[in-house]
1. How many residues are assigned to a helix (DSSP H, G or I) and open to solvent by less than 60 Å² (accessible area, probe 1.4 Å) when one looks only at the range 179-189?
2. Any residue that is small (G, A, S) and in contact with an Asp or Glu (Cβ under 6 Å, 6 or more places away or on another chain) - is there at least one of those in the range 117-133?
3. Would you mind finding the one in V38, V15 that is modelled with pLDDT of 80 or more, surrounded by fewer than 17 Cβ atoms within 10 Å (Cβ to Cβ) and within 40 Å of the chain's Cα centre (by Cα)?
4. So, in the range 323-378, of the ones that are open to solvent by 20 Å² or more (accessible area, probe 1.4 Å) and part of a strand (DSSP E or B), which residue ends up modelled with the lowest pLDDT?
5. Do we find that V103 is among the β-branched types (V, I, T) and open to solvent by less than 40 Å² (accessible area, probe 1.4 Å) in this structure?
6. Considering R164, R192, which residue is surrounded by fewer than 17 Cβ atoms within 10 Å (Cβ to Cβ), touching a helix residue (DSSP H, G or I) at 6+ places or on another chain (Cβ under 9 Å) and over 30 Å from G21 (Cβ atoms)?
7. So which residues in the range 29-83 are in a helix (DSSP H, G or I), of a type in the set (A, V, I, L, M, F, W, C) and over 16 Å from R106 (Cβ atoms)?
8. For R96, are the conditions met, namely being on the phi < 0 side of the Ramachandran plot, basic (K, R), surrounded by 15 or more Cβ atoms within 10 Å (Cβ to Cβ) and touching a residue at least 12 places away in the same chain (Cβ under 8 Å)?
Amino acid sequence: MRRRILGAILATTAVAVVLFGLPLALAVQHLYHSEAVVRLEREATGATTAVPDSFGSSGDPVELPAPSAGTRLGLYRADGRLVTGSGPAVMDAAVRAALAGRVAERTTGGSVVVAVPVADEERVAAVVRAAVPAATVNARVRRAWLLMAALAAGAVAVAGLVARVLAGRLSRPVDALALAAARLGEGDFSVRAGRSGVAEVDAVAATLDATGAQLGQLLARERAFSADASHQLGTALAGLRLRLEAARLLPDADQDQAIADALAEVDRLEDTLEQLLVLARDTGVERDRLDLGEVLGTVDRSWHGRLAADGRPLRLKVDSDLPPVRASTAAVTQVLDVLVSNAAVHGAGVVTVRARTAPGGLALEVSDEGPGVAGDPERIFVRRDGAAAGHGIGLALARSLAEAEGGRLLLQHAGPPVVFVLLLPADLADAALGRVVQDATDPASEHPSA
């Protein structure tokens, strides 16, 4: 890339120098030729003052003034013969043209020639011819061209240095981007591209960083899904296996009922797996108004029978005038499922699920009559914490789901009784709309007209 940038800048500079230099060189050549003609005309005109008015009739000798260095002056009669000075013995094209009564300029015989007529009573009596070698003019042109060529070479050299600096400045961050992209392709999602100060390159670097972060988050969610699915489904699958084996081994077991119960449990596990997969990928998660009745109904269907089999009641309590909440039904259901499962495995006595109003939102409490949680309550929410005694994945999953919905999952009371609370923020827009509708339909708010 560096070579391409350097070559492109040098080629552009060379083309610009050629396109600008050629016309300038021709203009310099024309300028020097014109200066020579003007100087020769000035000297020839000055020499005409030395020619007397009676030169054509008297033929008296004439002495021309001394010319400047390198210039030759000559005086010619009207018949074209050289009278005095230097020049060809017989008139040339310039002298012949001057005999017509006008100043003439020619380049002939290796010289730049200017001929000025001398009038005598309405006729041309003589012609003063001034000439300078064309090589003298051409030498000045060549010197100017050499200077221009040196300046052009210097310009190209400076452009090459600038191009080298720019190429290095552009290629280094691009090379760094290529290296970062290669590391990203190898699975290093923590790689971050540096900033170079070039806006376009920095924009690509920022996009690459965002891509790496998103891929890292996606991979982390997929890995967490594997652990979460194993935790959520492992116990249920073990229980299903035990029930099926018991139905197969016990001679008086109701096989049809066992199969129906097993299919119902499989359906529940399938729903749980789909919910976990959707939440892990964070796609298709609906955040419409939370249907609390559906959530509590799912919890009751999933846990009422299992808790009753262990002689433990499941009680659902719903306060009145609950604020509206926008959250994923699947996420809230999974959080409550984890909390009830935790109460079923690690708790004792009655399991109570209560929905109540909390400051600024809705509180969903899950409590049991177990001995309580010892030590730092926050440790039970740390994923795969060895000291958490079995709480390492489920409660960590529940807290991450709660935070994804903008809520919080807390251990409100370490016990006994043990009380976990899920706090979800109220939807202020829906709450305000509900108050407006209530005021519009409340007869007590109507005022009779006067």
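1. Going through the range 179-189 one residue at a time, the tally reaches 4.
2. yes
3. On the way: V38 fails: within 40 Å of the chain's Cα centre (by Cα).
Testing whether each residue is modelled with pLDDT of 80 or more, surrounded by fewer than 17 Cβ atoms within 10 Å (Cβ to Cβ) and within 40 Å of the chain's Cα centre (by Cα) leaves just V15.
4. Checking each candidate, the answer is R326.
5. Taking the combined requirement at face value, the residue does not satisfy it.
6. Working: R164 fails: over 30 Å from G21 (Cβ atoms).
Being surrounded by fewer than 17 Cβ atoms within 10 Å (Cβ to Cβ), touching a helix residue (DSSP H, G or I) at 6+ places or on another chain (Cβ under 9 Å) and over 30 Å from G21 (Cβ atoms) holds for just one of R164, R192, which is R192.
7. Restricting attention to the range 29-83, the residues satisfying the condition of being in a helix (DSSP H, G or I) are 29-48, 55-58.
Those left that are additionally of a type in the set (A, V, I, L, M, F, W, C): 31, 36-38, 40, 44, 47, 55.
Scanning the range 29-83 gives L31, A47, F55.
8. yes
The values are calculated or read from the model by the stated rules, or taken from the named source; none is laboratory data. Every value quoted in this text rests on a predicted model; they were computed, and no experiment measured them. With ideal geometry, Cβ positions are generated from the backbone for all residues, glycine too; neighbour counts draw on all protein chains shown. We work out accessible area using only protein heavy atoms, side chains counted, and drop any ligands, DNA or RNA first. Shrake-Rupley method; radii C 1.70, N 1.55, O 1.52, S 1.80 Å.
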